[in-house]
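Computed from the coordinates by the stated procedures, all read-outs in this text should not be read as laboratory data. This one's a predicted model, so the numbers in the text were calculated from it and none came from an experiment. Note: ideal-geometry Cβ built from the backbone for every residue, glycine included; neighbour counts use all protein chains shown.
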Amino acid sequence: MITKRDQKPDSIDSLTDVFMGPVSDERAAQIPFQMKSLALLVREGYPLYLAEALVRPDYAIFKTQRKPGGPGLS
Amino acid sequence: MTNIKTTIDAKAAFTLSSHGIRPEKLAQDLGRDMPGALSMEVTSPRDGAVETLLEAKTPSGEMLYDWKVNFDLATKTGAIKNFSIYHAANKGLSIGTAAIRNLLRAGHENGDNPAIDKIKLTAELERGAWVWARMGWLPDETSFRRFQKKVQPKLEALEQVLPSVERLGFEAYAMMHTLLDHNVSKKPALIWPLVDSNLSYNINAIEELQQIVRHPRDDERLDLLRGYLQQNRPDQEHIDAAALGKLDKTLRFLRDLDLSGMARDGRINTSLLLFSWEQWEGSLSFDNPDQMNRLNNHMSRFEAKKPAAQNIFIPDKHHSGYGVQS
């Protein structure tokens, strides 16, 4: 579904790389909105574990590192 | 060809023609595949602008819905002014995607020189603030700010009164609260993670609160609310009168909601609940790939069961490969 999906990123940087890296238009159109919203939040600097709690409350496929901080959340 | 009884005043006809748009084709494009007996009035309220009003009635003359769009051809901006989709939905008609698809088609009639490249609207009424954001529209910055200021207190109030078991998890609440904080989250695109969220409340918990806030007598309602807190939220047991009054005032947004129409599998989406009857003003820009991507995906999903010919038209030059179905 997503480029580099198999890498199972475990940090915000690598996740950002997955989402913000060179993804074809065709591929981008296949990514569910929730994943795009997750990428948007990560790109904007919100902590991944909080972003996941919002847009992916039902499942979690990425191992996340809890990094307190981010905009307004420290 | 859809049969549309069309009335076009001379000024509108001149305005359209001077921009290379055939009035009859505009009417046909806007009315394509729309249900009901259609009539369209095209007028020109001022120079460079055209107003279209599509009305649909039953054979017996009962109004089904109307659909009003202003085209400012000078600024290439379309504006949805009135869209009684909700009334249509109550009559079992699902016209939203067809109407939007038609508008895009009509706006891009000229191909390389489209009549419009942006569609503005006011997202409002019961579902509008939520639905239009899901579809790809984004609020203007100032409008988003006003919207956040109105919605954030609702979230706070619900989390303050709901039994612990029904509240959002700490992380989910923190994230939603932060996105509704206009001092922190300024980008209008941040409305998308909110409407994409699957967070939900149990309908029984919300209904119980709704029964309380619907009580007509102020003093008795406040007593009921205090009793509810004592029973469900020991941490709020000693709330003072001023805070209780403020809570009561904020929770009044629940009074007139049709919760049953909002629930799925016994749960109500949190952002849908919070966004109900709120308002923002914003637009969809044809040049913004994120917006068009989102719109295309939604249209494709809704129209997947229909023939391919009914899928949305998006000009290739802006959005190649962005989910347009063949």
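Points worth noting:
- Helical content of chain B, expressed as a calculated mean residue ellipticity at 222 nm, amounts to -13000 deg cm²/dmol (DSSP H runs of 4 or more residues, -39,500 (n - 2.57) each, divided by residue number, nearest 500).
- Counting, for every residue in A:45-56, the Cβ atoms of other protein chains within 10 Å of its Cβ and taking the mean gives 6.
- 3J(HN,Hα) from dihedral phi, region B:276-290, Karplus parametrisation 6.51/-1.76/1.60, rounded to Hz, x for glycine, proline: 4, 6, 8, 9, 8, 10, x, 7, 10, 9, 5, 8, 9, x, 5
- Relative to the longest principal axis of the Cα atoms of chain B, helix B:141-161 runs at roughly 30 degrees.
- Violating pairs (Cα-Cα greater than 18 angstrom) within the set B:Lys149/B:Lys246; B:Lys149/B:Lys187; B:Lys118/B:Lys150: B:Lys118/B:Lys150
- Summed side-chain charge close to B:Lys11 - residues other than B:Lys11 whose Cβ falls under 14 Å, Lys, Arg +1, Asp, Glu -1: -3
- Lys, Arg +1 and Asp, Glu -1 on Cβ, resulting dipole of chain B about Cα centre, debye, nearest 20: 540 debye
- Neighbours of B:Asp181, meaning other residues whose beta-carbon lies under 15 angstrom from its beta-carbon, give a summed charge of +3 when Lys and Arg score +1 and Asp and Glu score -1.
- Under a 5 Å amide H cut-off, with hydrogens placed 1.01 Å from N, B:Ile116 pairs with nothing among residues at least 5 apart or on other chains.
- For chain B, the relative contact order works out to 18 percent when only alpha carbon pairs closer than 8 Å and six or more residues apart are counted.
- Under Karplus coefficients 6.51, -1.76 and 1.60, residue-wise ³J(HN,Hα) of region B:37-52 in Hz, glycine/proline x: 7, 9, 9, 9, 10, 10, 10, 10, x, 7, 4, x, 10, 9, 10, 10
- Between helix B:218-232 and chain B there is an angle of about 70 degrees, using the helix long axis and the longest principal axis of the Cα atoms.
- Note on chain B: dipole from Cβ charges, positive end direction compared against B:Tyr173, B:Ile239, B:Val161; the farthest Cα belongs to B:Tyr173.
- Net charge over other residues, Cβ less than 15 angstrom from the Cβ of B:Asp72 (K, R count +1; D, E count -1): +4
- A cut-off of 5 Å between modelled amide H atoms, ignoring neighbours fewer than 5 places along the same chain, links B:Arg267 with B:Ile203.
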